[in-house]
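The values are calculated or read from the model by the stated rules, or taken from the named source; none is laboratory data. As the structure is a computational prediction, the values presented were derived from the model and not from experiment. Heads up, the Cβs are rebuilt from the backbone with ideal geometry, glycines too, and the neighbour counts pull from every protein chain shown.
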Amino acid sequence: MPRPLFPILAAIAAAFASGAAAQEAPFDDEIKAVCAEAEERFAAQGGKKEPSKVTVLMYKYRYCPPNVTVKSGTTVRWINVDKRTSHSVWLKEAGESESDRMFNFETYEFLFAAPGKYPYICGPHGIEEKMVGHVTVTP
Ligand SMILES: [Cu+2]
């Protein structure tokens, strides 16, 4: 394994290696403020959530909300509400490939068929910006 460039990256790599990534994503006051703004932007742009799906917004390097719990058979729909920054959804630990990079109001959907814990990251911002999320799927 190549020597990490920065201690923080080493710490993150160690956390992933130890399975800490299977835990829920942080949801502190900073992220809550970002998420409140994301909801406002979504509504202001005429965004509508599909009742049959669970919506996660992407905004300012965060997933909103970062943690969702759904029943198996549920589709989660991610929507980017950032104007200029593209994001992706990468269920890396589940062995999925990264989604396309999404721009403003573009979406990605994933059907969670099997119970389990599904940590995911944003391809371009997962490590340095800690843009991470978590889906818990119940039976
Ligand atoms: Cu991102």
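Quick notes
- Checking each residue in the range 49-76 for being more than 10 Å from the ligand (Cβ to nearest atom) and buried (at least 18 other Cβ atoms within 10 Å of the Cβ) picks out VAL54, THR55, VAL56, LEU57, CYS64, PRO65, PRO66, VAL68, THR74, VAL76.
- Any hit, the range 84-104, residues being in contact with a helix residue (DSSP H, G or I) (Cβ under 7 Å, 6 or more places away or on another chain) and crowded, with 20+ Cβ neighbours inside 10 Å: no
- Here is the figure for the range 31-59: residues that are over 15 Å from the mean Cα position of the chain (by Cα) and in contact (Cβ under 8 Å) with a residue 60 or more places away in the chain total 1.
- Meets criteria (aliphatic (A, V, I, L, M) and away from the ligand (no atom under 11 Å from the Cβ)) for VAL81: yes
- Whichever residue in the range 108-126 is surrounded by fewer than 17 Cβ atoms within 10 Å (Cβ to Cβ) and closer than 27 Å to GLU40 by Cα and, among such residues, is farthest from the ligand (Cβ to nearest atom): LEU111
- Apart from one condition, ARG84 fits all of (1) modelled with pLDDT of 95 or more; (2) more than 22 Å from GLU24 (Cβ to Cβ); the exception is (1).
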